[in-house]
Amino acid sequence: MGFSGDRMEVWRLTCAFCGEKGNFGLAHHEEKKKANSTKKLNFDMYQCRNCMGFAHVLWSASEFGRSMRGGLYGFHVLPWPIGKADPSENWPDAVQRFWIQAKESVKGENWDAATVMARSALQFAMRDKGAASKNLKAEIEDLANKGVLHPLMKDWSHEVRELANDSAHPDPKAPPTDPQDARDIVQFLDFLLMYLYDLPKHISDYRQRRSAATPSGSIPGAASVP
């Protein structure tokens, strides 16, 4: 996943030792440049100003980030904080809330709760994307018919719905939710939300950068005339 900009934003970092967010100072910097290119890989060591622990951040911006408005960069942190999962900022607040609860339920091995929260996130996303029906089954079909959901996404959305129905409407004779089923459903939710929210945002950002980099009056992709 990429973030808008061409430099590391420290406020995105969370200390793995004390949980402090965005309160870091740069202790050391190294970089490795790509030959015949402006692209470089940055190796930064940040120190938490709260507990004085260290975080190693590897990050790099897109090659065209400096020449285009915005740009994109990505990063990895070592050690990564062990805490609550961090949802995408591209998702609606309610989706983020349900997704966090689904992830925390998996971590706590609360399998029924995980599937129900995944279903809640799914249904909110369907309605947020304009599904016009009275129940989740029909909402999934509505978005599939409109072309919003790919056929594979539609099939998996129904899997989420059906598995969560067993937990939301318990049958005394039904077996308990299988742990691997719950893990798979919550993982699918990641793919679905990326498909519905993150991918369109990345495509939009890309088009904006391409448009900003194209000189006025020229045709994108057209060969230059010597």
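Here, each number is a calculation from the coordinates, and none is a lab measurement. Owing to the predicted nature of the structure, the values given are computational and were not obtained by experimental measurement. Counting neighbours? That spans all protein chains shown, and the Cβs are built from the backbone with ideal geometry, glycine included.
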* Quick one: compute the contact order of segment 1-61, relative version, from alpha carbon pairs under 8 angstrom and 6+ residues apart, as a percent. => 30
* **Ordering of 159-165, 35-41, 131-137 by packing [mean C-beta count within 10 Å, highest first]** => 159-165, 131-137, 35-41
* Please get the size of the charge dipole for segment 3-83, origin at its Cα centre, with Cβ charges of +1 on Lys and Arg and -1 on Asp and Glu, quoted in debye to the nearest 20. => 240
* In nanometres, what is the gap between the two model label sites at ALA212 and ALA85, each 7 Å from Cα along Cα-to-Cβ? -> 3.2
* Asked: Per Stokes-Einstein, at 10 °C and 1.306 mPa s, what whole-number D in µm² s⁻¹ belongs to the chain, with the Kirkwood radius over Cα pairs as the hydrodynamic radius?
  -> 78
* To do: Could you give the size of the charge dipole of the chain about its Cα centre, using +1 on the Cβ of each K and R and -1 on the Cβ of each D and E, expressed in debye and rounded to the nearest 20?
  => 1040
* Based on the Cβ-Cβ distance from GLU141 to LEU41, what FRET efficiency comes out when R0 is 41 Å, to the nearest 0.05? -> 0.35
* Asked: What FRET efficiency do you get for ARG183 and TRP11 if R0 is 22 Å and r is their Cβ-Cβ distance, rounded to the nearest 0.05?
  -> 0.10
* Asked: So which lysines pass the test for LYS154, namely a Cα distance under 19 Å, with those fewer than 8 places away in the same chain ruled out?
  -> LYS129, LYS134, LYS137, LYS146
* For the residue pair GLU162 and HIS150, what label-to-label distance in nm results when each label sits 7 Å from Cα along the Cα-to-beta-carbon direction? -> 2.1
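Expected output is a single nm value to one decimal: the length gained when fully extending between LEU58 and LEU199, i.e. 0.36 nm times separation in residues minus the C-alpha distance. What is it?
Between LEU58 and LEU199, full extension yields an extra 48.4 nm.
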* **Local net charge near THR14, Cβ-Cβ under 11 Å (Lys/Arg +1, Asp/Glu -1)** => +1
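Give me the net charge for the shell around GLN96: Cβ to Cβ below 13 angstrom, other residues only, Lys and Arg +1, Asp and Glu -1.
-4
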* Structure fact -> With the 8 Å Cα cutoff and a minimum separation of six or more residues, the chain has a relative contact order in percent of 15
* To do: List the aspartates and glutamates whose Cα lies under 12 Å from the Cα of LYS39, skipping any in the same chain that are fewer than 8 positions away.
  => ASP6, GLU31, GLU63
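So which GluC sites (Glu not before Pro) in segment 1-59 end up in coil per DSSP with only 15 or fewer other C-beta atoms within 10 Å? Intermediate results must be reported in sequence, preceding the final value.
Values: sites: GLU9, GLU20, GLU30, GLU31; in loops: GLU9, GLU20.
Passing sites in segment 1-59 are GLU9.
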* So what does the Cα-only Debye profile of segment 93-209 read at q = 0.16 Å⁻¹, as log10 I(q)/I(0), no solvent term? -> -0.73
* **the chain: calculated mean residue ellipticity at 222 nm from DSSP helix runs of at least 4, using -39500 (n - 2.57)** => -13000 deg cm²/dmol
* Structure fact -> Amide H neighbours of GLY53 at under 5 Å, excluding residues fewer than 5 places away on the same chain, with H built from the backbone geometry, are CYS48
* Set Lys and Arg Cβ to +1 and Asp and Glu Cβ to -1, take the dipole of the chain about its Cα centre, and tell me which of MET153, HIS169, PHE17 lies farthest positive. => PHE17
